[in-house]
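Undergrad: Below: one structure in structure tokens.
FYI, it's all coordinate maths here, none of it is from the lab. Here the structure is a predicted model, which is why all the values come from computation and not from measurement. Using ideal geometry, Cβ is built from the backbone for each residue, glycine included, and neighbour counts are taken over all protein chains shown.
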């Protein structure tokens, strides 16, 4: 048995949404835990996944030992930037799904982790060993993986309390007028398409800081820093600004100038406090080659003007 203890920083309309957004548990996993009497709010067993969570409420999740499931270890190439006895930092390539889902149990980052790393935390069960936070399949860059439950809980708490800094770089459509700014707009399921997220009234609080790095003819290279961690947050907020991310066929333009396999969004830097030593740690990953080639083409065009 393992436990997760959280304190709500704001009101949430649903308990399952609160837990899925503040841990690596899926909403379906949360609902199963609630049905099994393993979720408590203010010391009382939760009955409904749709129950509201009020600010400052204490939420506790008891994670029962999982029944073993055969998730195969696969020799998928993995860029391990750093690792020690407690954690590993991975530079995830574009196109790699983070964990198994929807009855797909192979070809994911988890399969690769099981091959390359001996020990992983079990707090998220057998489908998400070690997974502290996620990146979209077609977003590249850095994420931290936990090797034991104590490190896992500590790192998740740092993400919740904003001690963990996550900085991204993206190429956006159009030219930003302002050099920097903040998008403070709630995010929830799109009313038009439930498979997508959108800025919606009554959605979860979502805050993204942005800074312009470079302007081109029709494009802007932008640095984004997450202050919250909502699903597709940067992609949705970029669309809200009127500058969707290049290559994003879900939230961006149907017609794309460049031949890309996904959005030009890269988790370039991650910083946190080591859960055991207490030392500050910071890691940076260079932009992928395909991203740099697009920037090189745009810079050459700028010089020819």
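Undergrad: Once you have the Cα-Cα distance between residue 256 and residue 296, take 0.36 nm times their residue separation minus that, and quote the gain in nm to one decimal. Please report the intermediate quantities before stating the final value.
TA: Values: separation 40, 0.36 × 40 = 14.40 nm, distance 1.72 nm.
Here the answer is 12.7 nm.
Undergrad: Taking 0.36 nm per residue of sequence separation and subtracting the Cα-Cα distance, how much length would be gained by fully extending the chain between residue 271 and residue 118, in nm to one decimal? Mind dumping the intermediate values first?
TA: Details: separation 153, 0.36 × 153 = 55.08 nm, distance 2.38 nm.
Stretched fully, the residue 271-residue 118 segment lengthens by 52.7 nm.
Undergrad: If I model a spin label at residue 44 and residue 249 as a point 7 Å from the Cα along the Cα→Cβ vector, what separation in nanometres do I get?
TA: Roughly 4.9 nm, to one decimal.
Undergrad: Enter the Cα centre distance for the pair segment 145-177 and segment 39-60, rounded to the nearest angstrom.
TA: Distance between centres, Cα-based: 25 Å.
Undergrad: Give me 106, 12 ranked fewest to most by other Cβ atoms within 10 Å of their Cβ, as a rough exposure proxy.
TA: On the way: 106 11, 12 22.
Least to most surrounded, the residues fall as 106, 12.
Undergrad: Quick one: Debye curve from the alpha-carbon atoms of segment 1-126 only, equal weights, vacuum; give me log10 I(q)/I(0) at q = 0.10, 0.11 Å⁻¹ to two decimals.
TA: Log-scaled intensity ratios, in q order: -0.39, -0.47.
Undergrad: What is the spin-label model distance, in nm, from residue 199 to residue 55 if the labels are put 7 Å beyond Cα along the C-beta direction?
TA: 2.2 nm
Undergrad: Expressed as an acute angle from 0 to 90° and rounded to the nearest 10, what is the orientation of the C-alpha long axis of helix 289-304 relative to the principal long axis of the chain?
TA: 30 degrees
Undergrad: Just to be sure I understand: of the beta bridges DSSP finds with both ends in the chain, what percent are antiparallel, rounded to 5?
TA: Working: 59 of 61 bridges.
Beta bridges within the chain, antiparallel portion: roughly 95 percent.
Undergrad: In addition: Between 148, 75, 91, find the one with the highest GNM mean-square fluctuation for the chain; connect C-alpha pairs within less than 10 Å.
TA: Taking springs between Cα atoms under 10 Å, the residue moving most is 75.
Undergrad: Let me ask something else. Calculate, for residue 150 and residue 62, the FRET efficiency according to 1/(1 + (r/R0)^6) with r their C-beta to C-beta distance and R0 22 Å; round to the nearest 0.05. Walk me through the numbers on the way to the answer.
TA: Working: r = 16 Å, r/R0 = 0.74.
According to the calculation, E is roughly 0.85.
Undergrad: First measure r as the distance between the Cβ atoms of residue 279 and residue 2, then evaluate 1/(1 + (r/R0)^6) with R0 = 30 Å and state the FRET efficiency to the nearest 0.05.
TA: With a Förster radius of 30 Å, E is 0.75.
Undergrad: Per the Cauchy relation, a quarter of the hull surface: what is the mean projected area of the convex hull of the alpha carbons in segment 155-241, in nm²?
TA: Numbers: hull surface 24.9 nm².
Its Cα hull, projected and averaged over all orientations, spans 6.2 nm².
Undergrad: Please report the orientation-averaged projected area of segment 67-161, defined via the convex hull of its C-alpha atoms, in nm². Please list the in-between numbers first.
TA: On the way: hull surface 23.7 nm².
Orientation-averaged projected area of the Cα hull: 5.9 nm².
Undergrad: Considering the convex hull of the alpha carbon atoms of the chain, report its projected area averaged over all viewing directions, in nm², one decimal.
TA: Details: hull surface 65.0 nm².
Averaging across all directions leaves 16.2 nm² for the Cα convex hull.
Undergrad: Computed FRET efficiency, Cβ-Cβ of residue 303 and residue 190, R0 35 Å: what is it to the nearest 0.05?
TA: Numbers: r = 40 Å, r/R0 = 1.15.
Here the calculated transfer efficiency is 0.30.
Undergrad: Let me ask something else. May I ask for the angle, rounded to the nearest 10°, between helix 149-160 and the longest principal axis of the chain, with both axes built from Cα atoms and the value confined to 0 to 90°?
TA: Roughly 50 degrees between the two axes.
Undergrad: If you don't mind, there's one more thing I want to ask. Test of understanding: ordering 172, 164 by Cβ neighbours within 10 Å, fewest first, what list do you get?
TA: Listing 172, 164 from fewest to most nearby Cβ atoms yields 164, 172.
Undergrad: Only helical DSSP H runs with n ≥ 4 go in: add -39500 (n - 2.57) per run for the chain, normalise by residue count and round the 222 nm mean residue ellipticity to 500 deg cm²/dmol. Can you show the working numbers first?
TA: Values: 6 runs with 61 residues, N = 305.
Result for the chain, helices only: -6000 deg cm²/dmol.
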